[in-house]
Structure formats: structure tokens, C-alpha cells
Amino acid sequence: MEVYLVGGAVRDELLGIPVVERDWCVVGSTPEELRAARYRQVGKDFPVFLHPETGEEYALARTERKTAPGYHGFSFRTSPDVTIEEDLGRRDLTVNAMAQSGEGTLIDPFNGLTDIKAKVLRHVSAAFQEDPVRILRTAKFAARFAAREFTIAPDTMTLMSQMVANGEVDALVPDRVWKETEAALAGPDPRVFFQVLRDCGALAVVYPEIDALFGVPQPARWHPEIDCGLHTMMVVEQAALLSDSLDIRFAALVHDLGKATTSAAVLPSHHGHEKRGVKIIRALAKRLPIPVACRELAVVVADLHGHCHKALELRAGTILKILERTDAFRRPERFAGFLLACEADARGRTGFENNAYPQADYLVGALAAANTVSAQDIIKGGAQGAEISALIQKQRVAAITAYAKEIKEDH
């Protein structure tokens, strides 16, 4: 039995990136031998085991054969005679198809090290086209290593485009689409993920709501970049600079989906796109396993980002409605996320990238002012039933009004 370090851990060590997770490939063994050594089997489709002490994954070397369309359309063969080179040959990209022996020897049958030095993401073989998930993974790695100036090999992009044209991407399951999207959104440059999917045509299949934004114009006065799709990518980029939060980055991605449904007769105006966008987000969340927190923040941002941008011009009563609809009194952390997503939207425009966003501080101050109103004091004053809620609202509006007056006088 021989054990090899494989995949991302080998790649990241060569790149000088701290290794967070290690995967191992076992050659010359059987499930029975691993179970006898107290490894715990967890794989259903093929034998994957957890080390009894470290908990790291150990997979038996295997080959695979395409048997049907889609991610699950494979049969696997594990046997003690499967070599490490054969196991590496079934992997997606050359930079992921390397192994390291226990003595530290690099096994690199597909020239992954050469591609690392050349900063190229290249498919291992034509078998790449048998698994549509590899399109998502390639886009994810392009995003992860964009800052290191990695690019996708032209022949790999061509192969990805052919896979889309052949309908292979249609077989992607929602769980896997979201899993790779979530990983890309959590990475350093999520914009690249969506741009790669669009370049090969896959975005129109997995995220038609986002793809539909490209080519839709908006007023150049407010959006010098004009194109709604380009604006969305710029907003995602700004969100990634402002926060590591998955919720905020997802909200940035989908905040303007309603603009894709604007009637051509009224373009470039997009009146009412906020409400239309909320419906699209909710439908998207039914199709994909998007976490509740992601969906909730995205809906609030899509619905109210326009009001947030106009905060300095709004009446106190309208500001209170924003605070209530964002649940700012009970969930101040989510309200802070709402403000960051709106700031990303404001900055995600050509020439506005470094602008201040005073609306955020203004609304934080308005919330603080409204929070000075005490329900207990109102009850002690003799208010009962519905009168309590009415007085709370009235006094909150008065507190916000006084706050706004003070801010204007200071300026």
C-alpha cells in the first residue's frame, strides 16, 4: 500500500499558499484493508475513508468511465492495480493532477508544474468534457487565482464552450451549482467566476437571470458603464472589497435582477425594477439551495437599495419605514450588511469606485436616534394596546426628525 498527497494541497504548496486541507490517494489497497486499519468509510459512489486519527480523507485510486449525461453519469473502478498516474488522469485541470509521495517526490504526468509556472489553467484530457461540474470548477479556480494572473488556456475555453453547446451543462444539479457558486463568492475575486461562465456560454444556462442583464442599458448620467450586466459585475467586485460576507456578496450579485425584465419601450429607465427583482430572487432561491440568510438580505437590498441611496433626501417617516422593513431594530448586524451592499452598489459604477457613501452613516445615526425611544417609558405613561405601537412610531419619527435637523445644521 502506497499513500500519496494529491490535488489542491500539492498545488497550493507549489504556489506557496498555506495548505488548509489535505486529501490522500491510496494505491495498492482494498476497502477491506482500510476498514481493518480502522479507517471509516464515507463514500457511497466510490470508496472514500476518513483517517482514524486525523479525520483527513483517503480515497482508493480509481478510474472512471462516462455512462450517462451529467454529474452523476459515471461508473468507477477501484482495484489494487490502479496506478497513481491513472488516478490523476481522471482529474479536471493539470494543476490539480499532481501527487506527492511519502518521500516528497512529485508525480506530475500531465505537466501541472509547468502550467503553474506559466500561470495557466488547462484541462488534463478530453475526458474533461464528460463532467459539466468542471466548467464551474474551472471558473472558480480562475477567480481564486486571478490575482496571481492565472488565465484559462484557449483550448480549455473552447472545450467548455463546446460542452455548453452540446447541452452537457443542462444536466448540472442545483446543489452542485450553488456549492461552486458559494465557494467562488467566498473567494478573493468572485467577479471572475461569473465572467468566465458568461464567456463560455454557461451563465445563460445556470444563471439566466444574471446573464439577461448584459446588454440592457441604463441612464449614462447615473451609470457611465451603461450596461446592467457590467454594473452588476462591478458591484460584486466592490462588495468583495468591502466585506468577506457571503450574504453581502450574494445580495450585490442579485440586487438589480429586475432590470432584465424592464420593457424595451421605457429603456433606459427602470422604474419598478426593485419589486420585480424581489420576485426573481425568491424564484431563484426556490431553484437553488440558497441559505435563508442570503436570500433574506438579498430581498431587502433589491427592494430598498434605491431608498438607501436617497436617504439624505427622505422624510423621517420614510426613513423609519426603511429601518422597520430592514428589521434594523432587532437585527442591527443584518442592517449593517444591508448598508454595505448598498454602498457596493453605489461604488460599482465607472468613476464612482472610490466615492464616499455618507448615506450609511446617516442611516446608522437615524437608527441610533430612533433607539432612544423607550417602549417601557410609553407604557409607564399609561398607553395601552395599539396605542403603544402608535406612540413608539410617533416618537421615533420625532427623534429621527431632530437628528436630521441637527445633521443639516452641522453641515
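Brief remarks follow.
- Helices (runs of 4 or more DSSP H) within segment 184-223 that include 3 or more residues touching a strand residue (DSSP E or B) at 6+ places or on another chain (Cβ under 7 Å) and at pLDDT below 95: none
- For T232, the requirement of being under 26 Å from R287 (Cβ atoms), out of contact with any Lys or Arg (no Cβ under 8 Å at 6 or more places or on another chain) and not small (G, A, S) is met.
- Taking each residue of segment 20-46 that is within 12 Å of R62 (Cα to Cα) and looking for partners that are at pLDDT 90 or above and surrounded by fewer than 18 Cβ atoms within 10 Å (Cβ to Cβ) with beta-carbon atoms closer than 6 Å, six or more apart or interchain, yields V26/V3; V27/E2; G28/E2.
- Some residue of segment 136-158 being touching a Leu at 6+ places or on another chain (Cβ under 9 Å), over 19 Å from L197 (Cα atoms), touching a residue at least 24 places away in the same chain (Cβ under 8 Å) and surrounded by 20 or more Cβ atoms within 10 Å (Cβ to Cβ): no
- For segment 165-178, the candidate set comprises residues that are within 21 Å of the chain's Cα centre (by Cα) and not in a loop (DSSP other than H, G, I, E, B); within that set, the residue that is surrounded by the most Cβ atoms within 10 Å (Cβ to Cβ) is V169.
- Residue that is surrounded by fewer than 20 Cβ atoms within 10 Å (Cβ to Cβ) and either under 30 Å from E409 (Cα atoms) or in contact (Cβ under 8 Å) with a residue 60 or more places away in the chain (or both), where the choices are D345, D377: D377
- Highlighted here are the helices (runs of 4 or more DSSP H) found entirely within segment 225-330 that include at least 1 residues which are within 14 Å of E343 (Cα to Cα): 228-242, 246-254, 292-309.
- Extreme residue, surrounded by the fewest Cβ atoms within 10 Å (Cβ to Cβ), among residues of segment 201-220 that are under 18 Å from the mean Cα position of the chain (by Cα) and β-branched (V, I, T): V205
- Output for segment 108-123, where each listed residue is outside any helix (DSSP H, G or I) and among the small types (G, A, S): none
- Within segment 20-55, considering residues that are at pLDDT 90 or above and under 26 Å from the mean Cα position of the chain (by Cα), the one surrounded by the most Cβ atoms within 10 Å (Cβ to Cβ): R22
- Residue list for segment 284-324, filter: under 25 Å from the mean Cα position of the chain (by Cα), among the charged types (D, E, K, R) and over 20 Å from S243 (Cα atoms): K286, R287, D303
The values are calculated or read from the model by the stated rules, or taken from the named source; none is laboratory data. Being a predicted model, the structure only gives us computed values, none of them experimental. Cβ atoms come from the backbone with ideal geometry, glycine included; neighbour counts cover every protein chain shown.
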